[in-house]
Amino acid sequence: MANNIISSLGGGSGIDTTSLINDLVSINRAPDENRLDTKEATLETQISDYGLLRSALSELEASVAQLGSADTFNAKSVSIPETSQLALTGLDSSAVAGSYQVEIDQIAQSQSLASVGFNDADASIGQGEITLRFGQWNGALDDFAVDTEKNGATITIDDSNNTLEGLRDAINSADVGAQASIVSDGSSYRLLLTGPTGASNEVELTVAEDPSAPGLSQFDFNTLNQNMSELQGGQDAILRVNGLQVTRETNNVDDVINGLSMDLFSASNTETISITISEDRDLAETAIRDFVDAYNNFLYAVEQLVGINDETGEYGSLHNDSMADNVIDQVRNVIKSSVPGIDNGFASLAQLGIQTNVKDGTLSINEDPNRVNTNFNAVMSQNYDLVRDLFVPQTSSDSSAIEVTNFTQNSKPGNYEVVITQQPSRGTLAGGAVAAFPLDTTGKDYSFEITVDDKTAQISLPDGKVYASGAELATEVESLINASQELAGTRTQVAVEFDGGALHFTSEAYGSSSQVEVTNVGADAADLGLSIAAGVAGTNVAGTVDGVAAFGSGQVLLPKLGSAAEGLALKVKEGATTANINFSRGFSGGMSSLINGFLDNNGLIAARENNIEKSLVDVEDDRTDLDRRTDAYRARLESQFLAMELIVNNLTNTGSFLEDINDRLPFTAQS
């Protein structure tokens, strides 16, 4: 139908009506289409330019973040002569500058035990439990001092793993530091057990054999039975630093010279190694200068977006964009403002010698020797610690018993008063009087069930052992509890002391969930002073921060949500009463927090970009509406011109008819 209409246009009048309609439609559509094209181009340019703004902010933040690291200001360098005795493996910012003379007298080694020989690696070995503990043997191997600070393990051997290979795998799976392997000596297979390096990392093995499946006792290595053979004993590394002798369990030494890590390879009684650690302030100075350059580059980049663009000579697409102006103004305000929370009088970039140029807002570094008070080089030389505190986040407390351990984006810089109203405490249990010493376990049922916090362990003192003192008994009980399957490798631990003729148990955890309870006892446990009893539960710390009640959990005190101190985490030790704490984000923390807020997925820039995307969708909707209106306008014109053509065609036909009549009339006919 549309084609018929179009083909009819111009048929009667001879006018190019189709072209005329196209021109009229174009003229009618042009204003709205130009407006939409302009709006779409502007919006797309703004999207692109907000991307450029994001990029400029990200580059600035990367420079600021470098200034926020304490390592930047505490950097060190180290020099050492060539040596085969040791190798340096790490140097961190905590290292203290100085010269150190190091001599290595002995390197650490591991104790190694070997079992009797077996015909096959999968030979049956019996069943039961093996308790593995760490400590130190005397030279005669007739006395073992348990190290209660180290976690041992109780290893179960049953139908599923009662072979030499199964025992090897079970020991390794316990993951307590002892390594088991199977070696062949050519005629048999032996279990080789190697402990960690160190004199107090030697191993004791005590077997509780299953009478129905004997044989496991051949792996005993304790004061009563030594069916394993010691191939070598454990020993500590011994070294001297500036003449002071120190020992370490391992050859990986990272705490003798603070901040310096080294691996020891060999000992020598003739060689002295000179290690020199120096301050390296060049890193901090470079970071500050890089920041000044980064900020000036940021200003140039954003000026192309909100001011006159150098390439086009026209205003950028974000000119008069209030949100973009707000972002830039807030960054500038941080540059010129004092850093909140710093109360040492050194709180602005201007005091460091970084000055703002009035004309264009860029930064420059004052290195004029005549302006000593704000000369960058002089300030860096004379007030380096203040410079570090200006940039790096800082927390402090005037009480050693209350420590600020963390802060969040919600924490506001400032000074806060902390008052402790309830001390943190640990769960305890006091036993009754212990039988006289020496205490002989032979033929006795010295077993008990104990719950520490949320874990319950079955404990039994080994048969045939004699404890000479209460301290020795307490050490044994503590080791057995912490090495039990239920507690080994977990954060749940207990300390056991002998005091006033009784055993005293204390959970290592703080808070209301900290508790110690004896839930079952063996027939002779009364000799140990133990009976079924519940101890005293621990308490959570309680207190206020600036007069507002805080939330306590264990030793941790958290200020109320919504308060200025929200997000600060305070670790409170027993005996704490009050403290004044201070928190500053430093220049870097404040600037990074601001920029990251802008760049966040829910930040101002993302919100503005979402609005622009919605406006682009609106433009597409307007185009669709314009197309609909244009089609309607074209249809109306075509209808009107078709009517005109019909009229013209009728008039033409009438004229032809009249001319024909005229030609046939007597007086008008042509001869």
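The values are calculated or read from the model by the stated rules, or taken from the named source; none is laboratory data. Being a predicted model, the structure only gives us computed values, none of them experimental. Please note: Cβ atoms are built from the backbone with ideal geometry, for glycine as well, and neighbour counts cover all protein chains shown. For the accessible areas, the whole protein counts, side chains as well, though only heavy atoms, and no ligand, DNA or RNA atoms are used. Shrake-Rupley method; radii C 1.70, N 1.55, O 1.52, S 1.80 Å.
Assorted remarks:
- Counting Lys and Arg as +1 and Asp and Glu as -1 over every other residue whose Cβ lies under 11 Å from the Cβ of D453, the net charge comes to -1.
- Comparing S512, N357, T223 along the charge dipole axis of the chain, the residue lying farthest to the positive side is N357, per the Cβ-charge model.
- Put simply, the amide H of S124, placed in the peptide plane, has no neighbours under 5 Å, leaving out anything fewer than 5 places away on its chain.
- Around the amide H of T250, modelled in the peptide plane, lie the amide H atoms of A237, all under 5 Å away and 5 or more residues distant in sequence or on another chain.
- Among the GluC sites (Glu not before Pro) in the range 32-104, those placed in a DSSP loop whose Cβ has at most 13 other Cβ atoms within 10 Å are E82.
- Cα convex hull of the range 580-639 - mean projected area over all directions, nm²: 6.0
- Legend: calculated FRET efficiency, T654 to I27, from the Cβ-Cβ distance at R0 = 45 Å, rounded to 0.05, equals 0.85.
- Separation of the E149 and D600 label points, Cα + 7 Å toward Cβ, nm: 4.3
- FRET efficiency estimate (nearest 0.05) - Cβ-Cβ, D325 to A87, R0 60 angstrom: 0.60
- Extension gain from A97 to S512, taking 0.36 nm per residue of separation minus the Cα-Cα distance: 144.9 nm
- Cα-centred dipole magnitude for the chain, charges only on beta-carbon of K, R (+1) and D, E (-1), debye, nearest 20: 1720
- Note on the chain: dipole from Cβ charges, positive end direction compared against G489, V648, L264; the farthest Cα belongs to V648.
- Pairwise inverse Cα distances across the chain, averaged and inverted, put the Kirkwood hydrodynamic radius at 34.1 Å.
- If you take all other residues with their beta carbon under 11 Å from the beta carbon of G470, and give Lys and Arg +1 and Asp and Glu -1, the sum is -4.
- The range 256-272 and the range 563-640 have Cα centres spaced 55 Å apart.
- Taking 37 °C and 0.692 mPa s as conditions, the range 148-285 diffuses translationally at an estimated 176 µm²/s according to Stokes-Einstein applied to its Kirkwood radius (Cα pairs).
- All other residues whose Cβ lies under 10 angstrom from that of L141 are scored, Lys and Arg at +1 and Asp and Glu at -1, for a net of -4.
- Looking at the range 515-671, the accessible area is 55 square angstrom per residue; that uses a 1.4 Å probe and ignores ligands, DNA and RNA.
- 1.4 Å probe accessible area per residue over the range 417-509, in Å²: 42
- Most to least packed among 504-510, 383-389 [average Cβ atoms within 10 Å]: 504-510, 383-389
- Of the residues A534, A635, L386, the one whose Cα sits farthest towards the positive end of the charge dipole of the chain is A635 (charges of +1 on Lys and Arg Cβ, -1 on Asp and Glu Cβ, taken about the Cα centre).
- Inter-probe distance in nm under a simple model that places probes 7 Å from Cα toward Cβ, at A350 and S266: 6.4
- For the range 130-141, putting each phi into the Karplus relation 6.51 cos²θ - 1.76 cosθ + 1.60 with θ = phi - 60° gives couplings of 10, 9, 9, 10, 9, x, 9, 8, 7, x, 8, 6 Hz, in residue order, rounded to whole numbers and with x for Gly and Pro.
- Centroid-to-centroid separation of the range 57-131 and the range 183-244 [C-alpha atoms, Å]: 25
- Highest to lowest packing among 471-480, 265-274, 598-607, 401-410, scored as the average C-beta count within 10 Å: 471-480, 401-410, 598-607, 265-274
- Estimated FRET transfer efficiency (S55, T408; beta-carbon r; R0 35 Å; 0.05): 0.85
- Carbon and sulfur %, accessible surface of the chain computed with the full protein complex present, 1.4 Å: 47
- Our helix-only sum for the chain, with -39,500 (n - 2.57) per DSSP H run of n ≥ 4 divided by its residues, gives a mean residue ellipticity at 222 nm of -11000 deg cm²/dmol.
- Pairwise Lys count, the chain - Cα closer than 16 Å, eight or more residues apart or different chains: 5
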